[in-house]
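Notes follow the structure.
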Amino acid sequence: MSWLNEKIAQQWRQEGRRYALHVNEFVRKSIAGETPDESELENDGRASFSAEVWEMVKQANAQEDVLRLRAELPPASWPMSEQFQSVMQAVQVVGFIAQDVVVFNIGGHTQDGAVYTADSQGVIASAHYHFAGCSPDGVDYALADETVIRIIRRPDRHLEGQELAMYHWEDIQSSLHNTLPQIESLADCEYPERSLIELIPFNDGQSLLILSTYGVHLVEQSQVSLLHPDPSEIQEYELEDTQIDMGHAAVSRDGRWIAFGSQVSNHMLLDRTQDHTYSLYPEISYPHHAIFTQDNRTVWFNACHFYNGVTIQVKLDEVEVNEKKEDWPIMDENARVYASAETKQGIVIGDAYGYLRCVGTQGQEVWRHFVGGTISSIVVSPDQSKLAVGTYSGMLHVLDLTSEGMDDYGIGTGTIRECERYVLWRGENPMRW
């Protein structure tokens, strides 16, 4: 029995091509300096039959007919958003194992948090781990369950590999409690693995950065330090806990620098060699994201205001004499950045509106590409041929950075083409599309 409703599939394709054509023309005019009328953009009509399309996606997966599915029903996120908003969830891409296996988290901050791997052979859910993170060089993985965080070098698709280190939650929490006995912190969390936002192992697994809803923590051997909020500020302002909003953190590839911050901070930059923390003024309201370039020479900081933002570039060798500088070069003055990754062409930033933008070293836009759904995470493959993108719409997109052109349904200015997609909604089995 065929899963395909040919009439609906034809409508889906026709409306998808029409919508992409009109949006791309709107974007072209905007970039050219024209002021196109937004009212001329008709709504995406595919939303009206998204439920029928989703049933076909599930049936095609059950019959292992995914290649035909992508041809007959080219995947799209935006038309599904209204009908399936209640089951969508954040997908946090962690890294690539070799060139083709993507590691990702779903269900963060819940008892259902889990780590998955996905490739052409299928999707595998870890039986043990609730959260994963990756080192700046993409080699070592931090894998957390309810009792320990293991650092594994070059794991396979089953997340097994050489164990470099093991950190027990009991020891981490005990160390923090001794430092802040009167303040509610990660030490008091009954399920600390559910508070995680990011785990970054470095120094061959001998150091670990823990970003959680309870702050930014640096673990070195048996020593645990709370980097943010600053313990001295906790005492000065008589704070009751260490919880932060819009927390973010990054580690340079050489392990020397740590960038971090939250809604109430400046852009914070720790030089571990000098044991000194710099505080840099954000360009606008709220620090939101940071990324180091792979050459360990610069860090990009984003600050946001509502759904927009500004990204600055800071040269690390200039920080010491320019800490109070307020005119660092602006790389982008549009996006509230949720995630980023460096490619051969530049830094790819993901924004609140579902766009990826590749920005060159001088702040010039190289290309933009629409995936749909607020971008939650971005990772580039080791050979830089693919980009894995997670969204808050419950989608994992695998994009081909080497393609010669977009397909008829793509929205953007470059040649990016999606080659794989996974739908990861609450209450549903993972689906390929």
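What follows is calculated from the coordinates using simple rules that are stated; it is not laboratory data. It should be emphasised that the depicted structure is a prediction, and the values quoted were computed from it without experimental measurement. Note that we place each Cβ from the backbone using ideal geometry, even for glycine, and neighbour counts take in every protein chain shown.
Per-structure values
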read-out: The range 83-227: mean projected area of Cα convex hull, nm²; value: 9.3 nm²
read-out: Three semi-axes of the equivalent ellipsoid, the range 284-433, Cα gyration tensor, whole Å, largest first; value: 29, 17, 13
read-out: Per residue, the convex hull volume that the Cα atoms of the range 15-159 enclose (Å³); value: 175 Å³
read-out: Computed magnitude of the charge dipole of the chain (debye, nearest 20; Cβ of K, R +1, Cβ of D, E -1); value: 1280 debye
read-out: Summed residue charge, Cβ within 14 Å of PHE26's Cβ, Lys/Arg positive, Asp/Glu negative; value: -3
read-out: Exceeding the 31 Å Cα-Cα cut-off - candidates LYS7/LYS29; LYS58/LYS386; LYS29/LYS386; LYS29/LYS324; LYS315/LYS386; value: LYS7/LYS29; LYS29/LYS324
read-out: Hz values of 3J(HN,Hα) by residue in the range 349-355 - Karplus curve (6.51, -1.76, 1.60), Gly and Pro given as x; value: 10, x, 10, 6, 9, x, 9
read-out: Equivalent ellipsoid, the range 97-145 (semi-axes from 5 times Cα gyration tensor eigenvalues, Å); value: 18, 15, 8
read-out: Directionally averaged projected area (convex hull, Cα atoms, the range 341-386), nm²; value: 3.1 nm²
read-out: Cα-based Rg and Dmax for the range 270-348, where Dmax is the largest Cα-Cα distance (Å); value: 12.5, 36
read-out: For VAL366, residues with placed amide H under 5 Å, excluding near neighbours; value: CYS358, VAL359, GLY360
read-out: Sites ASP295 and VAL366, calculated FRET efficiency, Cβ-Cβ separation with R0 25 Å, nearest 0.05; value: 0.90
read-out: Relative contact order (percent, whole number), the range 298-433, Cα cutoff 8 Å, 6+ residue spacing; value: 14 percent
read-out: Euclidean distance between Cα centres, the range 151-230 to the range 79-115, Å; value: 22 Å
read-out: Cα gyration tensor of the chain - equivalent ellipsoid semi-axes, whole Å, descending; value: 37, 26, 19
read-out: Ranked packing of 314-321, 213-220, most packed first, by mean Cβ within 10 Å; value: 213-220, 314-321
read-out: Histogram of C-alpha separations across the range 319-407, 5 Å bin width, %; value: 3, 14, 24, 22, 17, 9, 5, 4, 1, 0
read-out: Taking only Cα atoms of the range 1-55, radius of gyration then Dmax in Å; value: 14.8, 52
read-out: The range 328-365-the range 41-69 distance, computed between alpha-carbon centres (Å); value: 31 Å
read-out: For the range 252-316: relative contact order, % (alpha-carbon pairs under 8 angstrom, 6 or more apart); value: 26 percent
read-out: Overall dimensions of the range 163-211 as given by Cα atoms, namely Rg and Dmax in Å; value: 11.6, 35
read-out: Options SER225, GLN59, ALA250, ranked by Cα towards positive dipole end of the chain, top entry (Cβ charges); value: GLN59
read-out: Computed magnitude of the charge dipole of the range 110-266 (debye, nearest 20; Cβ of K, R +1, Cβ of D, E -1); value: 640 debye
read-out: Counting all C-alpha pairs of the range 181-267, share separated by more than 15 Å (%); value: 58 percent
read-out: Inter-site label distance for GLU55 and THR343 at 7 Å from Cα along Cβ, in nm; value: 3.8 nm
read-out: Point-charge dipole on Cβ atoms (K/R +1, D/E -1) for the range 272-324, about Cα centre, debye to 20; value: 120 debye
read-out: Distance cut-off 14 Å, percentage of C-alpha pairs in the range 47-89 lying past it; value: 49 percent
read-out: Theoretical FRET efficiency, 1/(1+(r/R0)^6), r = Cβ-Cβ of GLU428 and ASP204, R0 41 Å, to 0.05; value: 0.60
read-out: Relative contact order, percent, the chain [alpha-carbon distance under 8 Å, six or more residues apart]; value: 12 percent
